[in-house]
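The structure appears right after this line, and notes come after that.
The values are calculated or read from the model by the stated rules, or taken from the named source; none is laboratory data. None of these values were measured; they are calculated from a predicted model. Note that we place each Cβ from the backbone using ideal geometry, even for glycine, and neighbour counts take in every protein chain shown. With ligands, DNA and RNA removed, areas are computed over all heavy atoms of the protein, side chains included. Shrake-Rupley method; radii C 1.70, N 1.55, O 1.52, S 1.80 Å.
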Amino acid sequence: MDRLELINKGADAVRNTPLLFNAYKQFLIEDWGELPQGCFGCQFNNHFSQWRNQVLNNNIIPMEKKAENNNKTYVLKDRGTLKYLYGDVWSSNSSDEDWIRYLELKPDAKDLFYVLPVSLEKTTEDAIIEDDYKKKELNELPMTEGVVVDEVVEVEKPKRRRKKQN
């Protein structure tokens, strides 16, 4: 079976027939270099239509592996931080250059960081915060501080009941 025969069978037949589905996966690996990331079943129709269009147009484009940003020099206080400004989004996956650009636009956002990006000018206060952060061990980080400090035991209230009618 070749690619055109598989395309002519249609996405539903490929999805519901194990042999066709395995052939489709093999063609994807041959054409794109790897299987797409994420839930393969959830994204099946999208990937199948992309692959079909590439095969029919003789324009097969291999998947590019995204370069992971392992050279980050900053540490955010909250890893889930998302900042939106002028249509751009900054997160814990953003590069140093992105955060530097954000801090140039919003200089008061330095309090989001334990450790600022390296090429950014640091005040003495910023250096003290970084030194304190580097001295702490991972289990002493303030991620759980709010839970431990605010340890208040709630007294269970008695249940409200209906009054008996006489």
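Measuring with a 1.4 Å probe in the full set of protein chains, what accessible area per residue, in whole Å², belongs to segment 6-100? Don't skip to the end; give the middle numbers.
On the way: 6360 Å² over 95 residues.
Averaged over the residues of segment 6-100, the accessible area is 67 Å².
Exactly which chymotrypsin sites (Phe, Trp or Tyr not before Pro) in segment 2-64 are in a DSSP loop and have at most 16 other Cβ atoms within 10 Å?
Within segment 2-64, the qualifying chymotrypsin sites (Phe, Trp or Tyr not before Pro) (loop, at most 16 other Cβ atoms within 10 Å) are F40.
If the chain between Q165 and R101 were fully stretched, how many nm would it gain, using 0.36 nm times the residue separation less the Cα-Cα distance?
Additional length available on full extension: 15.9 nm.
Which of the trypsin sites (Lys or Arg not before Pro) across segment 29-119 are loop residues per DSSP, with 12 or fewer other Cβ within 10 Å?
When the trypsin sites (Lys or Arg not before Pro) of segment 29-119 are filtered for loop state and at most 12 Cβ neighbours within 10 Å, K65, K66, R79 remain.
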